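Q: My structure is below; once you've seen it, I'll send some questions.
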Amino acid sequence: MPAGRPMAAAPAVCWSPGPLGNSALQLAKQAQFTTVEQLLGKRAPAHGRVYRVQARLTAIAQQADRSFLLSLTSMVDPQRQLTARLPSGQCVANREDAALYDELREDINLRFGSPAAHALHWTDPATVLVTAPEVVTPAGAVLEPVLDLSVQ
C-alpha cells in the first residue's frame, strides 16, 4: 500500500432479522404466552409465531454482527436454555422497528450495563418477559428479533 494512503476499513457485519410482515409493535400485540419448556418441547415448531416467554436472563453478549444475544433459562429447570436475539437499529430498514430495537438496547444498557465491552453474566439472574417470534434453526428454536423485554 502506498505511503500516506489510509487502509480501507473492513465492511461492518450487521445482522438484520428477516421481514416481519407487520411492524414490531403490531406483532408484539399478537403474542401468545408460553414457557421455555413448551417452546423447547414442541414437536412442530411454529416458525414466525410470536410468543411472550417468562424466563431467567443469565447473560447478554454483543455479537460481532452488532446484535445482542440474550441467554435465557427456564423458570423451573435452569438446564432448559433458550436464546433470544436483538438487532441494532442501524441494521434494519424500517425506521419504526429501528427505534424500538434501539430503545430496547438502551434499556438493557441502563438496567444491566453495556454488553459491548464484555459479556454480562449473573449468578442471580433477573426474571424477564421476552416477546419475540420463534425462528427455527438447525440448532433448534430461538427467539428473534426481540420485540419487547420487561424485567419482572
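The values are calculated or read from the model by the stated rules, or taken from the named source; none is laboratory data. This structure is a prediction, so every number in the text was calculated from the model and none was measured. Positions of Cβ are generated from backbone atoms using ideal geometry, with glycine treated the same way; all protein chains shown enter the neighbour counts. For accessibility, only protein heavy atoms count, side chains too; no ligands or nucleic acids. Shrake-Rupley method; radii C 1.70, N 1.55, O 1.52, S 1.80 Å.
Q: Taking region 114-124 only, how many residues are surrounded by 11 or more Cβ atoms within 10 Å (Cβ to Cβ) and either more than 17 Å from L72 (Cα to Cα) or of a type in the set (V, I, T) (or both)? Talk me through it step by step, then tell me what you get.
A: Residues of region 114-124 surrounded by 11 or more Cβ atoms within 10 Å (Cβ to Cβ): 114-116, 119-122.
Next, only the ones that are either more than 17 Å from L72 (Cα to Cα) or of a type in the set (V, I, T) (or both) stay: 114, 116.
Qualifying residue count, region 114-124: 2.
Q: Looking at region 143-152 only, could you name the residues that are more than 17 Å from E106 (Cβ to Cβ) and surrounded by 20 or more Cβ atoms within 10 Å (Cβ to Cβ)?
A: Answer for region 143-152, where residues must be more than 17 Å from E106 (Cβ to Cβ) and surrounded by 20 or more Cβ atoms within 10 Å (Cβ to Cβ): L143, E144.
Q: Would you mind stating whether F68 is in contact (Cβ under 8 Å) with a residue 40 or more places away in the chain, among the aromatic types (F, W, Y) and farther than 18 Å from W15 by Cα? Spell out how you get there, then give the answer.
A: Working: in contact (Cβ under 8 Å) with a residue 40 or more places away in the chain: yes; among the aromatic types (F, W, Y): yes; farther than 18 Å from W15 by Cα: no.
In short, no.
Q: Next up: Is it the case that region 94-111 has a residue that's open to solvent by 70 Å² or more (accessible area, probe 1.4 Å) and touching a Phe, Trp or Tyr at 6+ places or on another chain (Cβ under 8 Å)?
A: No, region 94-111 contains no residue that is open to solvent by 70 Å² or more (accessible area, probe 1.4 Å) and touching a Phe, Trp or Tyr at 6+ places or on another chain (Cβ under 8 Å).
A quick yes/no check of all residues on (1) modelled with pLDDT of 90 or more; (2) part of a helix (DSSP H, G or I); (3) among the aromatic types (F, W, Y); (4) open to solvent by less than 70 Å² (accessible area, probe 1.4 Å):
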residue: L40; (1), (2), (3), (4): no, yes, no, yes
residue: Y51; (1), (2), (3), (4): yes, no, yes, yes
residue: I60; (1), (2), (3), (4): yes, no, no, yes
residue: D77; (1), (2), (3), (4): yes, no, no, yes
residue: R85; (1), (2), (3), (4): yes, no, no, yes
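Q: Still on this structure: Would you check if Q81 is within 19 Å of W15 (Cβ to Cβ) and polar (S, T, N, Q)?
A: No.
Q: Another one. Of everything in region 82-112, what is in contact (Cβ under 8 Å) with a residue 24 or more places away in the chain, among the polar types (S, T, N, Q) and over 15 Å from E144 (Cβ atoms)? Give them in sequence order.
A: Q90, N94
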